[in-house]
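J.: First the structure, which I've put down as structure tokens, then a few questions once you've had a look.
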Amino acid sequence: MSYLIFLLLLLATTAAAKTSATPDTTRYQLPATEVTATRAVRSNYDLPVATSVITNTHRGRPGLSLDESLRPVPGLFVSNRHNLSQGDRLSLRGLGARAAFGVRGIKILLDGIPLTLADGQSQLNNLDLGSTGRIEILRGPSSALYGNAGGGVLSAHTQAPAEGTWRIEPRLVWGSYGLLRLQTRLSGQTDKTHYFASLYDLQSEGYREHADARARGLNARIGHTLTRELDLSLLLHLHDAPYLFNPSSLDHDTAEQRPHSARGFIVGQGASKKVRQSQAGLRLKYRPAADRTSTLVFYGVDRALKNPIPGRIIELDRRAFGLRSENEFAWRDLRLVTGIDLDFQDDGRREFANEGLPDGVTVNDEQVFSAVQYGANQVDQQEKVRSIGPFLSLEKDLGPALALTLAGRYDRYHFEVEDRFTATASASGTREMDQFSPMIGLVWRLSPLARIYGHIATAFQTPTTSELGNRPNGAGGFNPDLEPERILSFETGFRRHIPQLRLDVDLALYQLEVTDALIPFQVEDPASEEIYFRNAGQTRNRGLELALRSDLRSDLRLTLAYTFGDYVFEDYEVETNDGRLQLADNEVPGVPRHRLFTALAYQGPRGFFADLELERVGRYWANDFNGPPPQNDTPAAAFENDAYLRTDLRLGLHHRGSEIFLGVENLFAADYSGSIVPNAFGGRFFEPAPGRTLRLGLSGRFGD
């Protein structure tokens, strides 16, 4: 790490020297980007944390996975499972890779409304990429502002409404493996009101067997200026997926020889998901003066899930609601943000033995849920979570070139389970978890166009209700031995704009000390794919993130993002047939050590555009042992996800708001697995990605 720090200081010294030698630098405008994920509007150049902002998220893209838009973000690894039932797995600086489904360790927001629940789990169902105009990412522990955000924050914003009174934009995407996505966007504004609505319908057969999917949704936002000081916004998100089949994972040999296949046991168990989710939010923004802003957000969630998996059938009815308050004050060179988050979650969970589909019956639509056979009731419990998190952030200029940021938040979580299955309610109980998360940061303005920043922070991540409730011994209630993971973070970074080269440089170095890291595993049961969790003693995550963006010409932009991550166990003992085994110095599974992304974006005459993207992902281990466990003679290659190079090409024509595009993903048909299931039983780690895939899109625009 010492040579990385030397590199950072060298860049900073060079920047300072250039500033002294070129006194007219201030005539250039700093290309700062506003960031709102910090709970107040700030320039990214003035923040003591690493940030990324992605715009133009759906040009020539089908809108199926965050992988399409977020690959230019260093430090973020999106594992595209090509499995709409399970969704993308996101990890930031190695945190979040534990997720069996959904997202863990990263706070997700949509138009300021949390998609992350009180227990820290996030579902991306309501995140319609076809209507997203901007995504902000805070890279690194963010518990000082958001509590359960050990990895960072992802804040998505719906695209801006049309400037006229109305506009209709239909869009169609057709592609390989039976993909058809239809979308209609309606937007507009008047003097005091603006609105945006998006309606979509998606169906796909999937690359792999047993991967059929159907989903539809509505995203709507209405804003109205009540008075000169007060704005009101109403948001509504609906998601209905009648069926999302799950092809599950494969062992190494099967993934190489028959990557499109699904195991017969998975098909026979009817592994799939049916989900309906609605979320509504109300946001009030009050600006009594230019130096004072208050924001109040209310939200509510309703979710119904039916989920046959190997060995079990899960039925979940969820109600969640919450409140977010933010107050910003400015006085001379002092800026203060205070607020509080209140979140409530109430899940009714029932689980039954999965007796599978009747012999000879195969289905690929919603009939699977009436065909799959229920066995004995195994779990019937009510799971509740309450959390409260007051926070404060203070920014103070210590001089013309130095700014200090102090932030802190106290979080308290109450987990409660009511056992309705056992007559004596023996599995009922509660868990209490709390944490104070401080952060201190500095920004040094080397010049009008260069910054060095650094911070020290702590963070944490609680287990979710599903992680607490999935107990290896099959008992109900919550696991009394599972603890939150706690993080100590050190980071320094450098930002520089070089106008002569039209180049932006963003470099970050970090080290995270993670105690009681949450690690997924499976037990030796061929009739189950249940994921359980345990705490590792300590892991160390350190790395480098580099982002470069250069306008080579007025019509040609180069983007480069490189991530180096050294994620290892420092203290982790596991029980084996040979006794306790220490796994210190082993790599944490599920995240690559190296990832390089490069893109060329060309905007030609008469609306023609072309995007060429290359991503090189290094190899990474699929299990904690970094190879075969003791007394297992399987080759080490069966426990490693190989490195791969993926190339994507998009060509299109944009004219007066209408667009036609052709996309080719994995242009050279590389064989690879886009995701793995860490520590899966039987070596079934791998989730193969498709070969060469075609996408054809067409959109129009009508209205003012």
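Where a number appears in this text, it was derived from the coordinates with a stated rule and is not lab data. No experiment lies behind these values; they were computed from the predicted model shown. All Cβ positions, glycine included, derive from the backbone under ideal geometry; neighbour counts span all protein chains shown.
J.: Where in region 580-614 does the amide nitrogen come within less than 18 Å of the point 7 Å from the Cα of L556, taken along Cα to Cβ?
T.: Within reach of a label on L556, which here means backbone N under 18 Å from a point 7 Å along Cα→Cβ, region 580-614 contributes 598-614.
J.: Here is a follow-up. Could you please report the charge total around A643, scoring K, R as +1 and D, E as -1 over all other residues with beta-carbon less than 9 angstrom from its beta-carbon?
T.: Summing Lys/Arg as +1 and Asp/Glu as -1 gives +1.
J.: Charges only on Cβ, +1 for Lys and Arg, -1 for Asp and Glu: so what's the dipole of region 346-498 about the Cα centre, in debye to the nearest 20?
T.: The calculation lands at about 1140 debye.
J.: Further question on the same structure: Starting with the fewest neighbours, write out T254, T36, T132 ranked by other beta-carbon atoms found within 10 Å of each beta-carbon. Present the calculation step by step, with values, prior to reporting the outcome.
T.: On the way: T254 17, T36 14, T132 23.
Ranking T254, T36, T132 by Cβ neighbours within 10 Å, fewest first, gives T36, T254, T132.
J.: Further, regarding this structure: Taking every DSSP beta bridge that has both residues in the chain, what percent is antiparallel when rounded to the nearest 5?
T.: Rounded to the nearest five, the antiparallel share is 100 percent.
J.: Follow-up. Mind running the shape call on region 481-526? Use the C-alpha gyration tensor, a ≥ b ≥ c as the square roots of the eigenvalues: rounded below 1.5 for a/c, prolate if a/b tops b/c, oblate otherwise.
T.: oblate
J.: Something else about it: Ranked from highest to lowest mean number of other Cβ atoms within 10 Å per residue, what is the order of the peptides 390-401, 678-689?
T.: Ranked from most to least packed, the peptides come out as 678-689, 390-401.
J.: What order, most packed first, do the peptides 598-606, 183-191 have when packing is the mean number of other Cβ atoms within 10 Å of each residue?
T.: The densest-packed peptide leads the list: 183-191, 598-606.
J.: Given +1 on the Cβ of Lys and Arg, -1 on the Cβ of Asp and Glu, and no further charges, what dipole in debye does the chain carry about its Cα centre, rounded to the nearest 20?
T.: 2720 debye
J.: Next question. If you take every residue apart from I135 with its C-beta less than 14 Å away from the C-beta of I135, what net charge results, scoring Lys and Arg +1 and Asp and Glu -1?
T.: With Lys, Arg at +1 and Asp, Glu at -1, the neighbours total -1.
J.: May I pose another question? Give a residue-ordered list of calculated ³J(HN,Hα) values for region 482-494 (Karplus: 6.51 cos²θ - 1.76 cosθ + 1.60, θ = phi - 60°; whole Hz; x for Gly, Pro).
T.: The phi angles translate into 8, 10, x, 8, 10, 10, 10, 10, 10, 8, 9, x, 9 Hz.
J.: List the GluC sites (Glu not before Pro) within region 438-541 that DSSP assigns to loop and that have no more than 10 neighbouring Cβ atoms inside 10 Å. Please report the intermediate quantities before stating the final value.
T.: Working: sites: E467, E485, E491, E513, E524, E529, E530; in loops: E524, E529, E530.
When the GluC sites (Glu not before Pro) of region 438-541 are filtered for loop state and at most 10 Cβ neighbours within 10 Å, E524 remain.
J.: Choose one of S204, S428, S325: the residue whose Cα lies farthest towards the positive end of the charge dipole of the chain (beta-carbon charges +1 Lys, Arg; -1 Asp, Glu; about the Cα centre).
T.: S325
J.: Right, another one. If you stretched the chain out fully between S325 and F298, how much longer would it get, using 0.36 nm times the residue separation minus the C-alpha to C-alpha distance? All intermediate terms of the calculation are to be shown ahead of the outcome.
T.: Details: separation 27, 0.36 × 27 = 9.72 nm, distance 0.90 nm.
Taking S325 through F298 to full extension adds about 8.8 nm, to one decimal.
J.: For region 2-703, what does the alpha-carbon gyration tensor say about shape, rounded, prolate or oblate, given a ≥ b ≥ c as the root eigenvalues, a/c under 1.5 as rounded, and a/b over b/c as prolate?
T.: rounded
J.: Before anything else, pin down the relative contact order of region 2-703: Cα pairs under 8 Å, at least 6 apart, normalised by residue count, whole percent.
T.: Values: 2037 pairs, mean separation 84.2, N = 702.
Relative CO of region 2-703 lands at 12 percent.
J.: In what order do H252, H655 fall by count of nearby beta-carbon atoms within 10 Å, going from fewest to most? Don't jump to the answer; show the numbers that get you there.
T.: Values: H252 21, H655 11.
Least to most surrounded, the residues fall as H655, H252.
J.: Rounded to the nearest 500, what is the chain's calculated 222 nm mean residue ellipticity when only DSSP H runs of at least 4 contribute -39500 (n - 2.57) each, over all residues?
T.: Details: 7 runs with 48 residues, N = 704.
Result for the chain, helices only: -1500 deg cm²/dmol.
J.: Counting other beta carbons within 10 Å of each residue's own, what order do T293, T539 fall into, fewest first?
T.: On the way: T293 19, T539 26.
Starting with the residue having the fewest Cβ neighbours, the order is T293, T539.
J.: Separate question: In region 109-218, if the dipole is taken from +1 on Lys/Arg beta carbons and -1 on Asp/Glu beta carbons about the Cα centre, which of G147, L182, A215 is farthest to the positive end?
T.: Going by the charge dipole, the pick is L182.
J.: Students often forget the sequence filter, so: which lysines lie under 29 Å Cα-Cα from K274 once same-chain residues fewer than 8 apart are removed?
T.: Filter leaves K107, K306, K384.
J.: Taking the 0 to 90 degree range and rounding to the nearest ten, how far is the long axis of helix 2-21 tilted relative to the main principal axis of the chain, both from C-alpha atoms?
T.: Between helix and principal axis, roughly 20 degrees.
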